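Novice: Got a structure for you, questions after.
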Amino acid sequence: MLVITIESNKRTHFIDITDRIQKQITGAGITSGFCIVFVPHTTAAVTINENADPDVPRDMDSLLDGLIPWEGGYRHVEGNSAAHMKASLVGASELVIIEKGRLVLGTWQSIFFCEFDGPRTRKVYVQIVSNPDRQS
Ligand code: ZN
């Protein structure tokens, strides 16, 4: 398992981590297989979405904030229930195919680490699984 360290710098922060994951795959010399990207936190998540227009993550942030406002009369004493709810809604993992040594993503897709209770130092775990019949 590989570990990537992420520094978020605001409460809600969508960080494109595609290149950092691709570097790990290139370094491992894997040409075919898949990888699991897993966020081991309860107030952060991972998603795949558009990388070209920064308004897409901004819209995602606005929508999630509308659905789950920071102040909401929640019971959780730590005071960050909204971040916990957003993390569950978005999800803790993504599975991406690897072919010809590259992550298989659509033209406009990137893998985003989603911070919901930053700024913090975070970890992302990446497990690369190779297809033994297809390595060259
Ligand atoms: Zn909490």
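Since every read-out is calculated from the coordinates, none of them should be taken as a lab result. The model shown is predicted, which means the values in this text are computed figures rather than measured ones. Virtual Cβ from ideal backbone geometry, glycine too; neighbours counted across all protein chains shown.
Novice: Once you have a ≥ b ≥ c as the square roots of the Cα gyration tensor eigenvalues for the chain, tell me rounded if a/c is under 1.5, and otherwise prolate or oblate according to whether a/b is larger than b/c.
Specialist: Numbers: a/c = 2.63, a/b = 1.99, b/c = 1.32.
Note, shape of the chain comes out prolate.
Novice: Label point 7 Å out from Val129 along Cα-to-Cβ: which residues of region 93-120 have amide N under 19 Å?
Specialist: Only 93-105 fall inside the zone, counting backbone N under 19 Å.
Novice: Relative to the present Cα-Cα distance, how much length would full extension add between Asp19 and Met1 at 0.36 nm per residue of separation?
Specialist: 4.8 nm
Novice: So, one more: According to a simple spin-label model (label point 7 Å from Cα along Cα-to-Cβ), what is the distance in nm between Glu78 and Thr42?
Specialist: Result: 0.5 nm between the two label points.
Novice: Expressed in nm to one decimal, what extension gain is obtained for the pair Asn49 and Ala28 from 0.36 nm per residue of sequence separation less their Cα-Cα distance?
Specialist: Contour length minus the Cα-Cα distance gives 5.0 nm.
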